[in-house]
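Here is the structure we will look at.
A short reminder: the numbers here are calculations on the coordinates, not readings from a lab. Just so we're clear, the structure is a prediction, and the values are computed from it rather than from any experiment. So basically every Cβ, Gly included, is an ideal-geometry build from the backbone, and we count neighbours across all protein chains shown.
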Amino acid sequence: MSVAADPSQKLTAPNSVTNYSGLIGSARSWLTARLSEANPHLVLLCKNKRSAEEFAADLQLFVGDARRIILFPSWETIPFERVSPQLDVSAERLAALHYLESGEPFILILSAEAISQLVPNQESLRSRTFTLNPGVHSFEEIARKLAAGGYSKVSIVEEIGEFAQHGQVIDLYPALCPHPVRLKFEEGRLSRMDLFDAESQRSLAAIESLNVTPVREHRFTRDPRTDLQSEIERIKTRAAELDVPLRDVNEAIKAISEGHDLPGIELLHLIAKDDFQALFSHFSSDTLLVVSDPHGVEQALDDLWLNVSQREEQLSREHYLIPPKQQLYSSPEQIQALSRSFARANLNQLDLRDERGDSCTIKMRSLSNAELKTRLKTKIGSGDAYQ
């Protein structure tokens, strides 16, 4: 049986479940901070985006700089909608996946929707991530890798995910970098890198190394090494299954062949390629999965899957070119099965037990802010607070 009366104890046994009950308000954040002390790789699952953001804000007070807290967003789009996720959202997700690969300590906070969405596998992510060092890379090589990573070529760099070429200079705004970076070349080789201010264009500081992660999760390129014909055939096969109008099929094939972006082109990528998998595949075996309000999370997963299923059925009847739902989301049953590979801690307000796996329950005592305020007023009024 998993025993963790001391929350600073490391929890590693796969499929073990420790239920903490009696947690009110910020007590959940305090306990999560304590759990992270012995569990350097911690994933915190909340029922929705708002809960995740509020938990992250509270947790920062208890953790400080001891752990890197990463909010992992969902696409924030309607399932199968022909709209691409915002570039900063995709960039943030990919940068987070890259950090998980580093092995450094982290607390990853995400919603039920975010953990349901499939993500690029490790091979796909690594193939489009690269490190820049002066004297190593050529001008043409960097420009090609930026295009493969989904960076947009513009005249002036202002936003994350953009790059511009001016003679022997490339301006680049990498994912989650505090400032854009100016790459200077001599005789076609990278010679210097400087952070610069996007408004004034003034250099801020020289840097010696830069990790560049992709900013789009899905990208069709005109790289000759890509088996483009195979991807087109998969698009045609799926289109035939759904009886998609020929006009829409030709538009999709043209976009893929010419490397152009269409709104919602991510859906075509999921049809044409099989390089996406569950987010769990990026977690190391010693990851601790912490679930805040397990009942709420379970309900959110069920509601999302129902919505996804209904949308898939509706759009299939209307002959839209969409991937099967299993290529875009994990089902609640799949998420439950995948979670069994990790130690798990449930954070409950009430005494609700999860009997799955090797389970134990620890009752804790905590008070809400209102109760603390009332007790403090009582103590001050009686003079006990000054004893």
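Relative to the longest principal axis of the Cα atoms of the chain, helix 246-258 runs at roughly 80 degrees.
Which of the trypsin sites (Lys or Arg not before Pro) across segment 160-220 are loop residues per DSSP, with 12 or fewer other Cβ within 10 Å? Don't skip to the answer; put the middle values down first.
Values: sites: 182, 184, 189, 192, 202, 216, 219; in loops: 202, 216, 219.
Passing sites in segment 160-220 are 202.
In this structure, residue 140 and residue 104 have a Cβ-Cβ separation that, at R0 = 45 Å, corresponds to a calculated FRET efficiency of about 0.85. Peptides 158-165, 229-236 ranked from most to least packed, by the mean per-residue count of other Cβ atoms within 10 Å: 158-165, 229-236. The long axis of helix 87-102 is offset from the longest Cα principal axis of the chain by roughly 70 degrees.
Between residue 118 and 329, 330, the built amide H atoms are under 5 Å apart, and every one of these is 5 or more places off in sequence or on another chain. Here are some values of semi-axes √(5λ) of the Cα gyration tensor in Å: (1) 37, 23, 20; (2) 63, 26, 18; (3) 42, 29, 18. Which one was computed from this structure? Computed from the coordinates, semi-axes √(5λ) of the Cα gyration tensor in Å corresponds to (3). Computed from backbone phi with θ = phi - 60° and the Karplus coefficients 6.51, -1.76 and 1.60, the 3J(HN,Hα) list for segment 183-197 is 9, 10, 10, 10, 6, x, 10, 5, 10, 7, 10, 9, 5, 9, 7 Hz; x is used for glycine and proline. Under a 5 Å amide H cut-off, with hydrogens placed 1.01 Å from N, residue 290 pairs with 43, 44, 45, 345 among residues at least 5 apart or on other chains. Amide H to amide H, with H built 1.01 Å from N, residue 192 comes under 5 Å of 184, counting only residues 5 or more places away or on other chains.
Give a residue-ordered list of calculated ³J(HN,Hα) values for segment 158-173 (Karplus: 6.51 cos²θ - 1.76 cosθ + 1.60, θ = phi - 60°; whole Hz; x for Gly, Pro). Ordered by residue, 3J(HN,Hα) equals 10, 10, 4, x, 10, 8, 9, 10, 9, x, 9, 9, 10, 8, 9, 10 Hz. Expressed in Å, the radius of gyration and Dmax of the Cα atoms of segment 130-212 are 11.3, 30.
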